[in-house]
Amino acid sequence: MSQPLYLALAIHNHQPVGNFDFVFEEAYNKAYLPMVELIERHPTIHLALHYTGPLRNWLSDQKPDFMGRVRALAGRGQIEMMTGGYYEPILTSIPDADKLGQIAKLSAAVQNDFGYSPTGAWLAERVWEPQLAKTFHQAKVDYTIVDDTHFKYVGLNDSDLFGYYVTEEQGYTLKIFGTSKHLRYSIPWKPVGDVIAWLREQSGQNNGLVPRVAVMGDDGEKFGLWPMTYEHVWQNQWFENFFRALEENSGWLKTISPGEYARQFPAIGRVYLPTASYDEMTEWVLPADMSADITELKHRLQDEGQDEVLRFIRGGFWRSFLVKYPEVNNMHKKMLRVHDKVYAAWEKLPDPVRWAAVDHLWAGQCNCPYWHGVFGGIYLSHIRKANYEHLIAAENLVDDAVRETDEWIEVDEVDFTRDSRQELLVETPDMALYFQPSSGGSLFEWDWRSKRFNLLNNLTRRKEGYHRKLVRASQKTAKREAAKHEALEGDEEEVVNIHDLVRSKEEGLEKYLFYDWYQRAAMLDHFLHPGVSLAKFRTASYGEAGDFVNQAYIAEVSQLDSAVAVTLGRDGHVWVGNVFNPVRVEKTVTVYSKGVSLPVRYVLTNRGSATMAMPFGVEFNFNLLSGHSDDAYYEIPGVELEDDYLNSIGELTEVTEVNLFHEWFRFHIRLGFDRPATLWRMPIETISNSEGGFERGYQCSCVFPHWTLRLAPGESWEVNLRIDLSEPGP
C-alpha cells in the first residue's frame, strides 16, 4: 500500500509596529477572521498559524473573543502555534541577546494565550544565515521554514524537498523545511482542481518508507487583504472549495502541521544552507539597474523554458539593504547604539524600567522599515516613525534612570555609520543631534526626545528597478494613444504580457521620477549658478557651483557654559566663470544642555582672487509626516499663503521666518534668519511600488532660504539662523 502525501500549511500573520489601526481592522475582517472561521468549519484540517507580537497585542486588546477561538482550535489539536521574534525582526540583523529575548517573549505569549508550547519558529522574510541554527536551538526551537530557493542554492531540486533536513552550527541542530514556490504561486491563484492534481502527481512519486510532505508557508494577508483577493478567496469561496477538496481526497492526502510531521518522521538528511531569502527578495536588494535586469532575465528564461539555466541565476544578500539605503543603515545603527545603552545600564535600571526599555528596543527592531520590495517598507514614513519612536523611548528611559541631573550634555565622536568615518553625536535631555562631517557637515538625525520623534526621518529620491517598468508602460500607453489618433488602418494594439502589467494609483507618476545626488538631511550648503530656478532645484536637474553639499568638513567642539559649540568648516571651491575659486564655509551650531533651540552661525570667506556673485543657501528637510493635511501647514508672518500645505511648492522673497506646524502631533518648527532671504519650499516625494500598485509618497518638506552674495577677494559674509521647537498653542 502506498504512503499518503502530507500537506503542511503554515499561515503567517503580521502587521508592522506603528501601522494604522484601520489597517489592522481591515486585515482582521478580510483575512484573519475568515481564516479562523474556515478552520472552525473544517475540523479535520490541520495546519500551523503564526501571529507576530504587534498583531497579537492588537488582537488581545481589540478582539479578545477571537483569541479565545484560536485557543480552542489549539486546544483540540487542530492547529499548531508557531513562535518567532516577537516584533518580527530580521533575526540576523539584531544582537544575539535580542534574538533570544524576542523569541522567548513570543513563546511565552503563545503559551499564555493559547495554552500551547511552540516548537517551530517563523523566520521573518525567510532571511537565513547559517548561525541561526545555534540561536534557534538555544531558544528551544525544533524547526523553522525557509524558502525552496535556499535549498536550490546548494543543488537540490523541487523533488528533493518533500520533507525536512537537519542543519547544525557548532553542533547545535535545527530541522528545516522548504516552502514550495509552486504552492505559494498556486494557492490561491490557480483553480482548486489544478492544485489537487499537482498534489496527486507528487503523491505518486513516493516509493520510500517515509511519507512525503508538501509544505507551504506564506502570508495570511494574501488571503483577503491583498488587492482583489477578498472576493476571490472568500466571496467566491476559493478556500472553502480547497478545504472541501482536501477532505474529499483525505484517503491519499493528509493535512498535518509541520511540527507534528517533524515529530513523527525522520529527516531526509543533513544540509548546510547559504545566506538567502525568498527569490524575489534577492532581486529587490540589488542596485536598481541590476535589479531590473535580473528580473527581466529571469522572466525571459522562464518564458523560454530554460529552467536548466534559470536555476543558476542568483541575486543578492539581505544585508545589502544597509548599503542600498543609507537611511536603513542609519536606523539600524541607531538600534545598535540603543541596544548598547540598554544593556550597559542593565544592572543600574530598576526592574520595571529595565524591561520597558528592552521592550521598546525590540519594538524598534521590527523589520518592516529596514528594507523595501513589493511592499512599502522604508518608503512608509509612519512605519519608520514608529521604529524611531520606540528607539528614542528606550533611550529616554535609560538616561532618565542613570543620569543624576536633568541638565547635561554629552558629545560622542564615533564611527556611527560603520564606514570608517567619524560622526559627531551631541545629546542632551531634550535633543539628540547626529552630525556627519564627512558628508557636507550635515545634520542627519535630530531627535526631539520628549516627542520621541526624529525630525529628519527623511528618504532620498533614488532610482528603483521597477521604475523601468513604469516608464516603459507610460511609453507604450503614449504609443497606443498616438496610434489611435492617427487611426492607422490595420494597426493592432500591442498585447502586454503579465510581466509588463502595471497598476498605478495615480496617472502620470513617471513625471515625478526625480533622483537626488545627495542625502536629504539638514544644514546642507549650496552655491548655485546664477539663474538656477526653483523648478530645476526641485527636480535635482541643475549643476552645483560649489563642492560643499556632500563633501567632507572638519569638526571641532568647544565647551561653553552649559553648552557646546560644534563648528563644521570646509575649505572648498566655487566656480566663478572659468575659475575654481577657493572659499571657506564655517558653520557653528550651539547646543545647550537644556531646551530645544538651535542657533546656527554661518561665516563665508572668499579666499580666492575672483569676485563671487551667486546665490548661497542652506537646505533643511523636515519630515512632519503629513504632506497634505489640514492640520499640517506652513505659516510665514505677514504673508497669506494661497497653498500652505506641507507638500506645497512656492517661492517668496524678503523672508526672515518660516514656521512648520502639525497640530495633531503638536509640532511647531520655527526657522528664522537675521538676513532677509529668498525662500523656496517644496515636497520631497518618492515613487514606490506596493501590492496595490505604484504610488507617490510624501517624505519631507524641503525648506531652502538663500541669499545672493557678492564677495570680493578676502571678503567675508555671515548670517545667523535659529531653529526653535515648541508645541503650538491651543
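Quick notes on this structure:
- Using alpha-carbon coordinates, inclination of helix 351-363 to the longest axis of the chain, degrees: 90 degrees
- Normalising the average separation of contacting C-alpha pairs (under 8 angstrom, six or more residues apart) by the number of residues puts the relative contact order of the stretch 15-109 at 29 percent.
- Residue separation of E231 and E718 scaled by 0.36 nm, minus their Cα-Cα distance, works out to 168.9 nm of gained length.
- Cut-off 11 Å between beta-carbons: net charge of the residues surrounding L183, Lys and Arg +1, Asp and Glu -1: 0
- Between helix 326-344 and the chain there is an angle of about 80 degrees, using the helix long axis and the longest principal axis of the Cα atoms.
- With the convex hull of its Cα atoms as the shape, the stretch 1-156 has an orientation-averaged projected area of 11.1 nm².
- Farthest positive-ward along the stretch 1-141 dipole, Cα basis, beta-carbon charges - from V23, L47, F66: L47
- Options Y542, Q235, I669, ranked by Cα towards positive dipole end of the chain, top entry (Cβ charges): Q235
- Loop-located GluC sites (Glu not before Pro) in the stretch 639-685 (DSSP state other than H, G, I, E, B) with a sparse environment of at most 13 neighbouring Cβ atoms within 10 Å: E640, E642.
- Projecting the Cα atoms of L123, S107, T149 onto the dipole axis of the stretch 101-165, where Lys and Arg carry +1 and Asp and Glu carry -1 at the beta carbon, places S107 farthest toward the positive end.
- Cβ-placed point charges (K, R +1; D, E -1), dipole of the stretch 508-580 about Cα centre in debye, nearest 20: 360 debye
- In a simple Cβ point-charge model (Lys, Arg +1; Asp, Glu -1; nothing else charged), the chain has a dipole of about 1440 debye relative to its Cα centre.
- With 5 Å bins from 0: P(r) over the stretch 301-446, alpha-carbon pairs, percent: 2, 9, 15, 17, 17, 14, 9, 5, 4, 3, 3, 2, 1, 0, 0
- Spatial extent of the stretch 97-175: Rg and Dmax, with the Cα atoms as the point set, Å: 13.6, 41
- Cα-Cα pairs of the stretch 46-113 separated by more than 15 Å (percent): 53 percent
- Accessible area (Å², per residue) of the chain, counting only protein heavy atoms and a probe of 1.4 Å: 41 Å²
- Accessible area of W355 in the full protein assembly, 1.4 Å probe (Å², nearest 10): 130 Å²
- Accessible surface ranking that places the most exposed of L509, L310 first, with a 1.4 angstrom probe: L310, L509
- Computed packing ranks the peptides 191-204, 617-630 as 617-630, 191-204, most packed first, by mean other Cβ atoms within 10 Å.
- Solvent-accessible surface ranking, highest first, for T539, T149, T653 at 1.4 angstrom: T653, T539, T149
- Cα Rg over Rh - the stretch 353-399, Kirkwood: 1.07
- Cα coordinate range in the chain, projected on the principal axes (Å, largest first): 97, 81, 49
- The stretch 541-675, relative contact order [Cα under 8 Å, separation at least 6], %: 13 percent
- Area accessible to solvent at Y518, 1.4 Å probe radius, in Å²: 10 Å²
- Summed side-chain charge close to G18 - residues other than G18 whose Cβ falls under 9 Å, Lys, Arg +1, Asp, Glu -1: +1
- What you get for the stretch 611-695, charging only the Cβ of Lys and Arg (+1) and of Asp and Glu (-1), is a dipole of about 400 debye around the Cα centre.
- Counting Lys and Arg as +1 and Asp and Glu as -1 over every other residue whose Cβ lies under 10 Å from the Cβ of P683, the net charge comes to +2.
- Volume of the convex hull of the stretch 684-730 (Cα atoms only), normalised per residue: 182 Å³.
- Rolling a 1.4 Å probe over the protein heavy atoms leaves W717 with an accessible area of roughly 30 Å².
- Against the chain, whose longest principal axis is taken from its Cα atoms, helix 96-114 shows a tilt of about 50°.
- When you count the other C-beta atoms within 10 angstrom of each residue and take the mean per peptide, 212-222, 80-90, 387-397, 270-280 line up highest first as 80-90, 387-397, 212-222, 270-280.
- Heavy-atom accessible area order for Y592, Y230, Y325, largest first, 1.4 Å probe: Y592, Y230, Y325
- Rounded D (µm²/s) - the stretch 220-333, Kirkwood Rh over Cα pairs, Stokes-Einstein at 25 °C, 0.890 mPa s: 132 µm²/s
- Measuring nothing but protein heavy atoms, the accessible surface of the chain at 1.4 Å probe radius is 49 percent carbon and sulfur.
- Mean separation of Cα contacts under 8 Å, 6 or more apart, over the residue count of the chain: relative contact order %: 10 percent
- Across the stretch 1-62, the volume of the C-alpha convex hull divided among the residues equals 94 Å³ per residue.
- Over the stretch 90-243, the reciprocal of the mean inverse Cα-Cα separation, the Kirkwood hydrodynamic radius, stands at 17.5 Å.
- From phi via Karplus (6.51, -1.76, 1.60), per-residue ³J(HN,Hα) for the stretch 221-237 in Hz, x at Gly/Pro: 5, 6, 9, x, 8, 4, x, 6, 8, 4, 4, 5, 7, 9, 5, 8, 6
The values are calculated or read from the model by the stated rules, or taken from the named source; none is laboratory data. None of the values given here were measured: they were computed from a predicted structure. Every residue, glycine as well, gets a Cβ built from its backbone with ideal geometry; the counts of neighbours run over all protein chains shown. All accessible areas refer to the heavy atoms of the entire protein, side chains included, with ligands and DNA or RNA removed. Shrake-Rupley method; radii C 1.70, N 1.55, O 1.52, S 1.80 Å.
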